[in-house]
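First comes the structure, then the notes that go with it.
The numbers here are math on the coordinates, done by the rules we state, and not lab data. Predicted, not measured: the structure shown is a model, and the values here were computed from it. We place every Cβ from the backbone using ideal geometry, glycine too, and count neighbours over all the protein chains shown.
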Amino acid sequence: MLKNYLLLISVLFFTQFSFAQKSEGKDVNISGVILDKETNLPLEYATLAFFSKTENKIVTGGITDTKGSFKIPVPTGVYDISIEYISYKTITLTDRQITKHENIGRFLLEIDAESLGEVEIIAERTTVEIKLDKKIYNIGKDLTTAGGTVSDALNNVPSVAVDIEGSISLRGNENVRVLINGKPSAMAGFGDTNVLSQLPAEAIERVEVITSPSARYDAEGTAGILNIILRQKETLGFNGSLNLTAGIPETAGVSANINYRTEKFNLFSNLGFRYYDSPRNSFNDTEYFDKLVDGNTVAPEFERIIEDQDVTRINRYYNASLGMEYFLSKKTSLTGSVFYRYGEDADLSENFSDRYKNDNLLEQTLRKEKQDEAGNNYQLALNYITKFNDAGHELTADLQYEKGSEEQLTSINEDYLLTNQTNPDAIQEEIVNEIEDEKEYLLQLDYVLPIGENARFEAGYRGNFKNEIKDYILEQEDISDGTYFINDTITNVFDYSENINALYSQYGTKYGKFSFLLGLRLENTQLKGNINSRLSDTELQEAFGFPIDTDFNNNYFGLFPTLNLIYNIGESDSETEESITLGYNRRINRPRGYFINPFPSRSSRTNVFQGNPNLRPAFASAFDIGYLKRWDKLTLTSSIYYQYETDSFERVEENTGQQTTDGIDIIRTIPVNLSSNARTGGEFGVLYNPNKWLRLNSSFNVFQFKTIGEFNGVDYGAKNTSWFARFSSKVTLPGKIDWQTNANYRGASQDAQSYNKGIFSLDLAFSKEILNDNATISLNARDVFNSRKRKTLTTTEFFERYNESQYRQRQINLSFRYRFNQQKMRNERRNNDGDDDMDF
């Protein structure tokens, strides 16, 4: 395969430049046509090379057009003519005398089954690469995610877990920075990882798990970084694929990627539509304790409340992207792209609430919430790269603008189904209108200077400027006449900005078997907010129970050193690969707007989430030691890690001291800065491919975390050990049928207030190649046993609550993928956006 690529490069080179030089012989035109032997279709961009035995080199060459035809000026002489197309058998004409204009005929190329098989194994097999600062997982052909989403694919990457609510964690830590092609992106939803559940899994080429990021990366994310590299076809000519999906619960989707590449430009696009019903459910059983009021023990109005909620969710998403890379010269290119996403949600929630005292059912209500949401995001990006030489001396510049808007309209009503009250007051109906606008600008410059053969210096700048404005309007019913009025004590406008300026430099080199990468990043973070509300600072403090600054402007300056080392054991020509890595980095966790806004959500009258505008960024230092050993068919990876975080964010639940109109205590969840959080763990992974028909992949991660801190006089210190494991097998059956099984288990965990039970899930998938291997049909079932449910027991001094929730039910998908002008991904090559590997 390498020979084919080198030949293509050589031919393109000589096609572009050789005729600018004067040939010693007279040029004559050699023409002909090249076709696929099986289909008799033309092969565009097949290559021809004319090797002169006299000069002992390729003198000239050319490529075919859309009709498979070629017409190449060639100096007269004697040549060996090679006719090649990637994954096809080569045709060679030896000692061919060229003396005049000549049509040398039709050539029928046939597929090289052995070569194609090798490429398919590489394309389908999930492999791991260890670099100085990251592990690279080439996703391969994951059948269980066919027709699924990016979140589904991430859940099969070692060290990564996606919980039932779509939150992503790395080694059990949810503070993960998600990048798309090395940069923050509207495709990742301005930091909202739930948006990844809207993008098709087929879009991913590979995932970089960066647990010890170098100084080149943003310091955000104390757990590390997940860099999702999307596919970008770069095959010469016109090619692409079409994906169709249907499933249960009701799911339908279509997506297409199209690429057209010439020697001067590369045009690429992706289009997609997805409709799906994603029902969820939850169950809460809360027991309230007696409490002290002015020294007296007071029993709660209701001793026990059971809530049973079912939510239907109808979602529609459209996404489109279009981009073009233009080659200004051999070493300089300019790439522009636009991405657009539009989504609509229609949710209907029904929550039955049973209220008991002395084991007697006293009251039952039904709360209905109808929520309609529409939003769109778009992104404009411009990339410029110039390579000063072939040794890696280059300058890269990125400019990116993103804008998003979302409007959410929620109507809430609650009625008594049963009550022991006489003529009870009606419960107010509410209408909530939320409008959110977001903007983000990114400017990034990266400079790379090789020093000798084994060293390089890098430096750069990144400016990230983000603003979000949330306009929240609450209308409530006037019980006396049924009209609605605006509650101006809750209605507010929250304007929040996050501005980051960063400079970095790093130096890496190699001494024999030892390599290192040392870097330093300087970042200034400005967190600026304004709360526009009728309430004064004093009234907000009285209402929410803590001091609130309605107009704040906080600046944080940080130095973030990074060090990554790798030692290669054994000889370079050994049949096995063995290495030890060591990483250190300092990171930051910045609070998002959702965590800052002090006005509570209205999703429940009795349980609310409330932001904390006093949150400060958290800082963490992390150490990682890794070991890898790779044989021909077996790869072992392992690591131990330690992380210490100060001012870590923790969510705590407490009684607000307020009650609903019918006497139920209101419980709030609020994020706070606790003193510290220490995390220690280890992970182990195995990739084993004993035969072409069998591939096994397993990983295990165990970690212990310890939290120290208190809030409002309550000690929230906790110590807990948890673990998660996954196993995947893929078997190739007769008839070109593949069968894949994925099993996941997330162990039980505990913090200061809650105990979470373990979660097990199993995914199955089958696929078959059809239409001369140009198409694939797949059937998969995610969460076969419908067991992916969160079960939590929360205990505080005021209540004890058991919660069981299922964010996504069992899903069965049937998917069809058709590839045109492709041979099962054989012509794809990696897109190295955001890649700063030290390939010494």
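Loop-located trypsin sites (Lys or Arg not before Pro) across the stretch 283-334 with a Cβ neighbour count of 14 or fewer within 10 Å are LYS330, LYS331, with loop assigned by DSSP. Taking 0.36 nm per residue of separation and subtracting the Cα-Cα distance, full extension of the segment from THR646 to ARG316 would add 114.7 nm. Between LEU108 and LEU328, the modelled label-to-label distance comes to 4.8 nm, taking each label 7 Å out from Cα in the direction of the beta carbon. Fewest-first ordering of THR491, THR419 by other beta carbons within 10 Å of each residue's beta carbon gives THR419, THR491. When the stretch 242-820 is described by a simple charge dipole with +1 on each Lys and Arg Cβ and -1 on each Asp and Glu Cβ, the residue from SER505, ASN423, GLY463 located farthest towards its positive end is SER505.
Ordering of 478-489, 586-597, 240-251 by packing is 586-597, 240-251, 478-489, highest average first (other Cβ atoms within 10 Å, averaged per residue).
Annotation note: trypsin sites (Lys or Arg not before Pro) in the stretch 28-59 located in DSSP loop regions with a Cβ neighbour count of at most 15 within 10 Å are LYS37, LYS53. For a paramagnetic label modelled on THR680 (point 7 Å from Cα along Cα→Cβ), amide N atoms under 15 Å away belong, within the stretch 690-705, to 702-705. Compared with the direct C-alpha span, the chain from ALA426 to LYS791 gains 128.1 nm at full extension, assuming 0.36 nm per residue. Looking at the square roots a ≥ b ≥ c of the eigenvalues of the Cα gyration tensor of the stretch 547-686, which shape do they give, rounded for a/c under 1.5, prolate if a/b is larger than b/c, or oblate? Prolate, because a/c is 1.5 or more and a/b exceeds b/c. When the Cα positions of GLN610, THR550, THR491 are compared along the charge dipole of the stretch 481-613, THR550 comes out farthest toward the positive end, with charges on each C-beta of Lys, Arg, Asp and Glu.
Of the trypsin sites (Lys or Arg not before Pro) found in the stretch 81-110, those that fall in a DSSP loop while having at most 16 other beta-carbon atoms within 10 Å are LYS89, LYS100.
When PHE619, PHE705 are arranged by Cβ crowding within 10 Å, least crowded first, meaning fewest neighbours, the order is PHE619, PHE705. When +1 charges are put on Lys and Arg Cβ atoms and -1 charges on Asp and Glu Cβ atoms, the dipole computed for the stretch 579-684 relative to its Cα centre reaches about 440 debye.
Between the beta carbons of TYR567 and LEU348, assuming R0 = 41 Å, the FRET efficiency works out to 0.10 to the nearest 0.05. Applying 0.36 nm per residue to the separation of ASN555 and TYR356 and subtracting their alpha-carbon distance, the gain on full extension is 66.6 nm. Given R0 = 41 Å, the distance between the Cβ atoms of ALA743 and LEU380 translates into a calculated FRET efficiency of 0.45. Could you sort out which of LYS629/LYS692; LYS53/LYS100; LYS466/LYS706; LYS719/LYS791 sit more than 23 Å apart by Cα distance in this structure? The answer is LYS466/LYS706.
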